[in-house]
Amino acid sequence: QPENLQKNWLREFYQVVHAHKPHFMALHCQEFGGKNYEASMSHVDKFVKGPGFRQQSHSQGQEPVPKAQQTACRAFQSRECSEALGSFYFLHESLKNIYQFDFKAKKYKKVTGKEIYSDTLESTPMLEKEKFPQDYFPECKWSRKGFIRTRWCITDCAFDLVNIHLFHDASNLIAWETSPSVYSGIRHKALGYVLDRIIDQRFEKVSYFVFGDFNFRLDAKAVVETLCAKATMQTIRAADTNEVVKLIFRESDNDRKVMLQLEKKLFDYFNQDVFRDNNGTALLEFDRELSVFKDRLYELDISFPPSYPYSEDSSQGRQYMNTRCPAWCDRILMSHSAKELILKSENDEKIVIYDHIGPNVCMGDHKPVFLSFRIAAGAGKPIANVHKCCVVQ
């Protein structure tokens, strides 16, 4: 429902931009156009090529958003080559020496003006993109999952920005069967593939940031066993196949109150507050998928509630849908060398911020997350001048 959601989405997004005033801003979108992309592409074109960001900034009576110097987006001509990813990069006019990497020529090119790459991107040398092979996720008839990678150099500091979308949980019942789930293993394989790809021998190694919809889920079996520790389980099977189609967890006493109903696409827990109170911190112990990559990836401490699946009812900004167990699907991760680029404050001012956008407003089924930080000029060089910096978000 873009007509209903876009105004609020842009307003919340712009408030974050205005608060942090970045000099360089990267916006990574997934499911651009989504499943019904034939019908949705007109909305995508309007969002990408229209004056939406600048219109929104003026409607708020605030200063304009920094000029969009470079935009790369993904549109869809066929489902076979579509990753449904959109990557936008905004550069403040005050930044002069900004370079983007040409992967074909293997050299940096100075960014001098606004550019839009859309439709098919196979011929665009300023990025690398890849769709995961079909056999990675055979349950899906066709997949829109993959990644887009761009490389930048700002004040002698080079880094990769990778837009990523990993595989979802196709069934709550299958996810519940094992710990870790089979879907967790699929995501592990796909993320490992991306990390190997961006540090292979074709190009010089640089620091990297990977952000998007990782579809990381909580360990379903462990979560259910914890939430329903004092409950009894009833199994309902299909009459014709004897396949498990529903699990019902009831309190042992208290009139056998239903605590949780679990189906393929139903996760109906009686008390959603457990996912919202204190930002769901009590459930972070079940967020285990990133631990496999602890030697390769770093993430700041999470201090926001699970980012998915929120209600798409525009009047229910804080309500979760009862389709999946809420989880931190949307993340911003980085290489350990990228972690070292982030400046530490000398006066205890909170410079590094990792948070979500629109906590009380419907932003769609995912809440966007953002990371705001500063990097030192020349941070990628041994003689970095730590007193000059640009803001990266």
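Some observations on this one:
- Total residues in the range 6-45, condition of a type in the set (A, V, I, L, M) and free of Cβ contacts under 8 Å to residues at least 12 places away in the same chain: 2
- Within the range 174-205, restricting attention to residues that are in contact with a helix residue (DSSP H, G or I) (Cβ under 8 Å, 6 or more places away or on another chain) and outside any helix (DSSP H, G or I), the residue that is nearest to D135 (Cα to Cα) is S181.
- The residue list A26, A75, A84 contains one member that is surrounded by 14 or more Cβ atoms within 10 Å (Cβ to Cβ), under 20 Å from the mean Cα position of the chain (by Cα) and modelled with pLDDT of 90 or more, which is A26.
- Taking residues in the range 248-269 that are assigned to a strand (DSSP E or B), and partners anywhere that are of a type in the set (S, T, Y), the pairs with Cβ atoms closer than 6 Å and at least 6 places apart or on different chains are R250/T232; L260/Y269.
- Reported count of residues in the range 141-167, each being open to solvent by 10 Å² or more (accessible area, probe 1.4 Å) and acidic (D, E), is 1.
- Number of residues in the range 177-227 that are free of Cβ contacts under 8 Å to residues at least 24 places away in the same chain and over 27 Å from A338 (Cβ atoms): the value is 2.
- Test: residue in the range 182-196 that is closer than 29 Å to R149 by Cα, open to solvent by 10 Å² or more (accessible area, probe 1.4 Å) and touching a Lys or Arg at 6+ places or on another chain (Cβ under 8 Å): yes
- Check on I98, crowded, with 21+ Cβ neighbours inside 10 Å and either without any contact (Cβ under 8 Å) to a residue 24 or more places away in the chain or aliphatic (A, V, I, L, M) (or both): yes
The values are calculated or read from the model by the stated rules, or taken from the named source; none is laboratory data. These numbers come from a predicted model, not from an experiment. Reconstructed Cβ throughout: ideal geometry from the backbone, glycine too, with neighbour counts over all protein chains shown. For accessibility, only protein heavy atoms count, side chains too; no ligands or nucleic acids. Shrake-Rupley method; radii C 1.70, N 1.55, O 1.52, S 1.80 Å.
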